1. One quarter of the convex hull surface, Cα atoms only: what value does that give for the chain in nm²?
2. Tell me, what is the 1.4 Å probe accessible area of Trp112, in Å² to the nearest 10?
3. Within the stretch 93-122, list the residues whose amide N lies under 19 Å from a label point set 7 Å along Cα→Cβ of Ser85.
4. Below 8 Å between Cα atoms, with a sequence gap of 6+, how large is the relative contact order for the chain in percent?
5. Leaving out ligands, DNA and RNA, what percent of the accessible area of the chain is carbon and sulfur, probe 1.4 Å?
6. Between Gln39 and Ser110, take the C-beta separation as r, use R0 = 22 Å, and let me know the FRET efficiency to the nearest 0.05.
7. Quick one: among Ala98, Ala75, Ala23, which has the greatest mean-square fluctuation in a GNM of the chain with alpha-carbon springs under 10 angstrom?
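The values are calculated or read from the model by the stated rules, or taken from the named source; none is laboratory data. Bear in mind that the values here come from a model prediction, so they are computed numbers and not experimental data. FYI the Cβ positions are ideal-geometry reconstructions off the backbone, even for glycines, and counts take in every protein chain you see. Remember, those area values only see protein heavy atoms, side chains included, never the ligands or the DNA or RNA. Shrake-Rupley method; radii C 1.70, N 1.55, O 1.52, S 1.80 Å.
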Amino acid sequence: QVQLVESGGGLVQAGGSLRLSCAASGRTFSDFSMGWFRQAPGKEREFVARISWGGGSTYYADSVKGRFTISRDNAKNTVYLQMGSLKPEDTAVYYCAADTSLITITTRPSYWGQGTQVTVSS
């Protein structure tokens, strides 16, 4: 089992920045590719970004490309999502996810965090 705990959410004005963190425990962190998803009110959960086990490969949804950056620190068992140029439509609950597969992490990860709320005001 892997336990994931997100932090760093909050209220920010449009155009601002925010950094989310996700601390993992339970299994060897570097065995897992990591990802971020989000779910806005009334919408389905959607993929945001993912990063490979060692951090050498990243992939983003078109809606956040160029504004968000995913990174990880395997020594700290933590994955980050640096969000910039935030827009009101980025408002959502953001979830951290983990999976051993670099493919499955973008569609149906095995492990999920509880989520952290991000609200972007206009």
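1. Details: hull surface 26.5 nm².
With every direction weighted equally, the projected area is 6.6 nm².
2. Its accessible surface works out to 90 Å², give or take rounding.
3. 120-122
4. Working: 302 pairs, mean separation 43.9, N = 122.
For the chain, the relative contact order is 36 percent.
5. Working: 2800 of 6070 Å².
Solvent-exposed carbon and sulfur of the chain make up 46 percent of the total.
6. Working: r = 18 Å, r/R0 = 0.82.
The pair Gln39/Ser110 has a calculated efficiency of 0.75.
7. Ala75
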